[in-house]
Structures are given as structure tokens and as C-alpha cells.
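The values are calculated or read from the model by the stated rules, or taken from the named source; none is laboratory data. Note that the structure is predicted; figures quoted are calculated from it, not measured. As a convention, Cβ positions derive from the backbone with ideal geometry for all residues, glycine included, and neighbour counts pool all protein chains shown. The protein model used for the area step is the full one, side chains on, heavy atoms only, and it has no ligands, DNA or RNA in it. Shrake-Rupley method; radii C 1.70, N 1.55, O 1.52, S 1.80 Å.
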Amino acid sequence: MILAVDIGNTNLVIGCIEGERICFEERLSTNISKTELEYVVDFITILNLHQVEKESITGCIVASVVPPLNTVVKSAMEKLLHISPIFVGPGVKTGLNIAIDNPASVGADLIVNAVAGLKEYGAPLVMIDMGTATTITVLDEKKNYIGGIILPGLKVSLEALVNRTSQLPRISLEAPRKVIARNTVDSMKSGMVIGQAAELDGLIDRIWEELGMQTPVVATGGLAGCIVPHCRKEILLDNEMTMKGLGYIYRKNVEE
């Protein structure tokens, strides 16, 4: 069994993988102020919650887009499990051909999702990851990572709207009954939820036009479940993409 961690700007996702099976996946708030010991306690709590003995863990892998936490999380894993984790990055085999201007600039999370998308759904493929930012990644018919799109995430957009206005309230992220809303809260929900769904539909159309073909589309990330049901395009929802990708990369680097 391996312990897999995805360190994002908003959430730190922790899961255990046995073979190709995702045993569990949990989310913590990303906190760069936490110490090594505090992360040890977090890991112990999650493992105990799912009745996983630390002795059963034989390996660790981490994907991170928060460099200040890398050393802290690495030290926490080594203290708890006496195992040094693999960090997705330069020198780690992924099997992915990144055909963009600066391959080294691609975030570890995007690489992990692309590896999972290629293994699970093949190519060509459009992948959407909805977290702090909403990212769209494109694999062409030759299985090349050819680029993508980055736009503000749903919560980032909402925070900006609320913080830069005097009278707009904080709202929950759920769709209103009608697009043409009749009160302020529903107007905001329409703009946030239906607006981002329409944005994704429009971007998918433009991607397909540029590729000259229609492709499958897969979405993942903590906020995908709020938006995908309101898109008019057919989008598969797979919330285990990151864990699957981490599992594939670990096996490629260790078991092979």
C-alpha cells in the first residue's frame, strides 16, 4: 500500500492506494504555517480513521504546487513512516510527452492528471481540474500534452467579487432555480455556477475547433461536482484522477 499526497493551494489531498484500488481520499486545508509534527498528527489521524496500519505502507508519493510545504511534508512522512517520498518533478518518469514551450513549467498536478487521463481514457482528451484555479489540459491524438488554459477558480472569483463590493454577501455555491434570478443571492449563484458552466462549454467548443475534432472531456477537482451537472457539453466526472495518476507514476518509478 502507498500513501499519496497532492499538495494544492487550497487543499492537501491524502489517499492510500493498494495496487490500482483507491482505498480512501481525504482533504485537509493547506496551511504553510503547520509544523512537521502537526502534519505527522494529521497523517496519523487520517490513517486511524480508515483503520490503516502505518506498517502496511511501503511507499509514498507527493505532487505539490506549494514549494514551501515540500520539505515539511517530506520530513513528516519520514518521521512517521521511515520512508522518503517520491516528489513528482524533474527526474521522475511519467511516460508523458510534454510538447509545450517550457515543459519544466508544467505543474505537478497537471502532469499527474494528464498521466491518469491518458491511462484511463486515452487520447485525444480534454481534462478540466477545478480547484483554486480552473485548469484545462489538452492531449492530442498522438498522446502529446500540447497545452491548455488557466482561469480563476470558482471560489477565487467569488472571493474577489465579495471583497471588492460593499453590499454583496457571501453565498453557498449551488445553482439557482432560474438563470434570470429575482434576488441578489440567486443572481450571484447564477453568475458563479451557471456562468462558469457556460464558460467551460464555450472553451470546449473553441478547443475542439482548434483541434479540428471533438474529444472526450473529463473533469476532476473539489469544485467539479458543483459545475459539471450544469454544463451542456457531455463531461465525465472523475474525482479520483489525481490519486490514480499518483499511483501510476509511483508504479512506473518503483515497481517497474
Among the numbered criteria (1) assigned to a loop (DSSP other than H, G, I, E, B); (2) in contact with a strand residue (DSSP E or B) (Cβ under 6 Å, 6 or more places away or on another chain), which single criterion is violated by Ala219?
(1)
If you go through the range 1-60, how many residues are under 30 Å from Ser157 (Cβ atoms), open to solvent by 70 Å² or more (accessible area, probe 1.4 Å) and not in a loop (DSSP other than H, G, I, E, B)?
2
Long-range neighbours under 9 Å by Cβ, at least six apart or interchain, first residue on the phi > 0 side of the Ramachandran plot within the range 121-141, second surrounded by fewer than 19 Cβ atoms within 10 Å (Cβ to Cβ) and assigned to a loop (DSSP other than H, G, I, E, B)
Gly122/Lys143; Gly122/Pro216
May I ask you to list the residues in the range 61-92 that are crowded, with 19+ Cβ neighbours inside 10 Å and over 23 Å from the mean Cα position of the chain (by Cα)?
Leu80, Leu81
State which residue is farthest from Val217 (Cα to Cα) when the search covers only the range 158-203 and only residues that are part of a helix (DSSP H, G or I), charged (D, E, K, R) and under 26 Å from the mean Cα position of the chain (by Cα).
Glu159
From Glu209, Glu255, which residue is assigned to a helix (DSSP H, G or I) and open to solvent by 40 Å² or more (accessible area, probe 1.4 Å)?
Glu209
Can you name the number of the only condition in (1) open to solvent by 20 Å² or more (accessible area, probe 1.4 Å); (2) touching a Leu at 6+ places or on another chain (Cβ under 9 Å); (3) without any contact (Cβ under 8 Å) to a residue 60 or more places away in the chain that Asp101 fails?
(2)
Name the single residue that is least open to solvent (accessible area, probe 1.4 Å) among those in the range 146-190 being within 30 Å of Leu125 (Cα to Cα) and among the basic types (Lys, Arg).
Lys189
